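Worksheet for the structure shown next.
What follows draws every value from the coordinates through simple rules; no lab data is involved. Owing to the predicted nature of the structure, the values given are computational and were not obtained by experimental measurement. Because the Cβ atoms are built from the backbone with ideal geometry, glycine has one as well, and the counts that use them run over all protein chains shown.
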Amino acid sequence: MIHLAYLDAGSGSLIVQAVVGGVAGAAVAAKLYWRRLVDRFRRQPTDRG
Amino acid sequence: MAAPDTGIRVEPGSFRDPANRVFHAGDEVLRGLGPEGARDWRALSGSAFFAELLAEGKVCGTEEVDPARLPGWTAVLRHERIPFVSHPYEWSFAMLRDAALLHLEILRRALSAGFTTKDGSAYNLQWRGAGPVFIDVGSFAPLAEGEPWAGYRQFCQTLLYPLLLQAHLGLDFQPWLRARVDGIEPDQMRRLFRGARRLLPGVPTHVHLHGAMQGRNARASTTEVRAQLRAAGYSRDLALATVRGIDRLVRRLDRRDEGSHWVDYQRTCSYTVRDREEKERFVEAAVRAAGTPGLVLDLGANDGRYARIAARHAAQVVAVEQDPAVVDALYRALRAEGERRILPLVMDLADPSPGGGWRGVERASFARRARADVVLALAVVHHLALGRNVPLGEVLDQLVAYARPGGRLVVEFVHPEDPMARRLLANKPDGLFPDYRRDEFARLLAARCRIERQQELPCGTRTLYQAVVGG
């Protein structure tokens, strides 16, 4: 929701909240980083092409 | 949004969220809500959790009034007036901790009801006596599922980090908050928590990981990261778990007691029982002479003895004391007693809070906020005049300026022969303060006020004056 974001919440500050939210939170953070990694590999061939 | 000249003035500290703005109309505090803010308010005012928070006094009293009161705004709220606005750098450790815990409780209850707060600043809180109250009603908004708390960074910078500084390092946080309106940055904290300190409670995650994540994600936009978190399964339950975790951490933190010269002041100072009794009678009569004063300022309050006497007759007493340890002890005592009329604040009278933030007015200076009906300055003048070299006339100018016109000043002059004055004079060259005399003090006071009453204490080295400012 854009309307919540009058404040710059800070990207790192958003992610760290998942990590401090216990095991389930760490799993969310791990998933986020895994997806970022996978996306990078997927994107690379297209970028080169 | 400019209002026509109807005696309405904008609150300079309320500009950050453009969805709403606070105004003063005489003694009333109004909040203008734009279309979005009005929509959020409709949802909030219909919710049970908000009604409960209002009933418990945890959120400042709020009602909707005629939108015509503030032209240009979709809806208008009227808030309960906070007796004396204070800033987090004027609070003691336990005050900041209680403020943080209230903020977390409000967020937790909001999340459970499908709402959130858009920010997490210490400035969202104020005080009714020794009880914290959440004032930023414009901060509530419906929660979007999968949304982490936008106020977490602000909470760390203005509430959690200052508490960590005091609890783990024994550093007073007040100068840090006073110097930086947005609080302490994670990167500054990381430099203070090196070595074994990295492992102290709350530090590995909220300080080091937080700082590192900020660095690594500096180029990712928050919109992008929000979408990634939602896709990875971030949920309201997780947000609640995070809030509970921070709450547990904050509850574990306590002030490191480093000892303080002023803590035992009442026991070690040179008063006899008779002196004290007469002084108490004089102060009580002076406060009573003011009718039921709305605001009494007790400057140099120490353990709050005279603030408590004043509170028998006044609506609100602000007890100012420079030593954070003394203020902390006073606050804890007042909180335990459930006292709602005395607000203890940390401030050095020789270095009062300046204006801060944008244009120097976003956070009003102490001098701008202080318009007291009665000013108590007991055993204070000699500390400023002899201890800090402030010219006697200027000491009085400042004391008078803290009172409203027609208000009363109750001031104690400690004669140069008094043991406390001699102790201060012993640290300065002889003859440095030729004007520090009782007759000169009385002359300077009479030039600024109408002296109603004066009394020498039985010890013979202290005189009390009751005077009307501008009278």
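Segment B:63-135 and segment B:324-366 have their alpha-carbon centroids 17 Å apart.
Across chain B, the relative contact order, built from alpha-carbon pairs under 8 Å that are at least six residues apart, equals 12 percent. Our helix-only sum for chain B, with -39,500 (n - 2.57) per DSSP H run of n ≥ 4 divided by its residues, gives a mean residue ellipticity at 222 nm of -10500 deg cm²/dmol. Near B:ALA372, the amide H atoms lying under 5 Å from its own belong to B:ALA403, B:ARG404; only residues 5 or more places off or on other chains count, and H is placed 1.01 Å from N. The base-10 log of I(q)/I(0) for segment B:149-257, evaluated at q = 0.11, 0.19 Å⁻¹, reads -0.38, -1.07 [Debye formula, identical scatterers on Cα atoms, solvent excluded]. Which FRET efficiency, nearest 0.05, do B:LYS58 and B:GLU337 yield, Cβ-Cβ r, R0 22 Å? The formula returns an efficiency of 0.70 here.
Listed by chain and number, the lysines placed with their C-alpha closer than 18 angstrom to that of B:LYS118 are B:LYS58; residues fewer than eight positions away on the same chain are left out.
Residues B:TRP358, B:TRP73, B:TRP176, ranked from the fewest to the most other C-beta atoms within 10 Å, line up as B:TRP358, B:TRP176, B:TRP73. What helices in chain B pass both tests, a Cα length along the helix axis of 18 Å or more and a mean Kyte hydropathy of 0.5 or higher, using whole DSSP H runs? Long hydrophobic helices here: B:93-112. Here, the protein assembly as shown is characterised by an Rg to Rh ratio of 1.04, where Rg is the alpha-carbon radius of gyration and Rh the Kirkwood radius. One quarter of the convex hull surface built on the alpha carbon atoms of segment B:317-380 amounts to 5.2 nm², the projected area averaged over directions.
Taking amide H atoms as placed 1.01 Å from N in the peptide plane, the amide H of B:ALA319 lies under 5 Å from those of B:ASP298, B:LEU343, B:LEU345, each 5 or more residues away in sequence or on another chain. In order along segment A:36-43, phi translates into HN-Hα couplings of 4, 5, 4, 4, 5, 5, 5, 6 Hz, rounded to whole numbers, per the Karplus curve 6.51 cos²θ - 1.76 cosθ + 1.60 with θ = phi - 60° and x for Gly and Pro.
Calculated from the alpha-carbon coordinates, chain B shows an Rg and a Dmax of 24.4, 77 Å respectively. Considered as an equivalent ellipsoid built on the Cα gyration tensor, segment B:1-140 has semi-axes of 24, 19, 13 Å, the largest given first.
A Förster distance of 45 Å, applied to the separation of the beta-carbon atoms of B:ARG443 and B:ALA315, puts the FRET efficiency at 0.85.
Computed extension length for B:ARG42-B:VAL273: 77.2 nm, one decimal, from 0.36 nm per residue of separation with the Cα-Cα distance subtracted. Between B:ARG422 and B:ALA218, residue separation times 0.36 nm minus the direct Cα-Cα distance comes to 67.6 nm.
Could you work out the relative contact order of segment B:323-471, using alpha carbon pairs under 8 angstrom and six or more residues apart, expressed as a whole percent? For segment B:323-471, the relative contact order is 20 percent. Beta-bridge orientation, the protein assembly as shown: approximately 65 percent antiparallel, per DSSP, counting only bridges with both partners inside. Electrostatic tally near B:LEU330: other residues with Cβ closer than 9 Å to its Cβ, Lys and Arg +1, Asp and Glu -1, net -2.
Each residue in B:SER139, B:SER45 was given a count of other beta-carbon atoms within 10 angstrom of its own, and listing them fewest first yields B:SER45, B:SER139. Taking the fewest neighbouring Cβ atoms within 10 Å as the starting point, the ordered list for B:ARG78, B:ARG462 is B:ARG78, B:ARG462.
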